[in-house]
Amino acid sequence: MATAYQNLSEYDFDSVPDASGMRIGIVVAEWNKEITEKLLEGACNTLERHGAKTENILVTRVPGSFELTFGAKQLAESRELDAVIILGCVIRGDTPHFDYVCSGVTQGITELNLMYDIPFIFGLLTNDTMQQSIDRAGGIHGNKGDEAAITAIKMIDFSCKLKN
């Protein structure tokens, strides 16, 4: 498992571009709220640490992880954004529901990245246990929200450099 070797919150601060002019949407699932709110907190704090203005971080919520892709699409179509961060948490249970949700969201985010001219950032935790999710939402493995925010900033910068 990758996070056993790398903390999700550790990165070279100076390698991250300035985010002061960036407008970033965040879609967060309400399901597993104790985890997703920590992911959201990590993402917002990291964006602000790199200069993003609070008013340029647009947060919307959807009921569950499967609804994240629809929420992200609607957000991208209703606002002028430079990127959309998608945050959710799916924990394996006793049925194949986990596999269907994870697969659907992953495919949906891939399709959004191909359909639109802005990056959609995968910030979905897909863990076997609640403890694994806690560990990746500000716990011993850092915060996936931090990682998603850094990825958004870097991908916006990447896109801007290609356009210039």
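The values are calculated or read from the model by the stated rules, or taken from the named source; none is laboratory data. These numbers were taken from a predicted model, which means no experiment stands behind them. Note that we place each Cβ from the backbone using ideal geometry, even for glycine, and neighbour counts take in every protein chain shown. All accessible areas refer to the heavy atoms of the entire protein, side chains included, with ligands and DNA or RNA removed. Shrake-Rupley method; radii C 1.70, N 1.55, O 1.52, S 1.80 Å.
Computed over protein heavy atoms with a 1.4 Å probe, the carbon and sulfur contribution to the accessible area of the range 32-71 reaches 55%. Of the listed values [x] 10.0; [y] 9.2; [z] 11.5, grab the one calculated as mean projected area of the Cα convex hull in nm² from the structure here. This structure yields the entry labelled [y]. Protein heavy-atom accessible surface, 1.4 Å probe, per residue over the chain: 52 Å². Summing charges over neighbours of Lys161, with a neighbour being any other residue whose Cβ is under 14 Å away from its Cβ, gives -1 when K and R count +1 and D and E count -1. A Cβ-based charge dipole, computed about the Cα centre of the chain with Lys and Arg at +1 and Asp and Glu at -1, lands at about 200 debye. Approximating the spin labels as points 7 Å out from Cα along Cα→Cβ, the Thr95-to-Ser20 distance works out to 5.1 nm.
Across the accessible surface of the range 93-138, with the other protein chains kept in place and a 1.4 Å probe, carbon and sulfur atoms take up 55 percent. Going through the cross-link list Lys33/Lys163; Lys73/Lys154; Lys53/Lys161; Lys38/Lys163, which pairs have a Cα-Cα distance over 29 Å in this structure? Long pairs (Cα-Cα over 29 Å): Lys33/Lys163; Lys38/Lys163.
In the chain, helical runs assigned H by DSSP with n ≥ 4 each contribute -39500 (n - 2.57); averaged across all residues and rounded to the nearest 500, the mean residue ellipticity at 222 nm is -14500 deg cm²/dmol.
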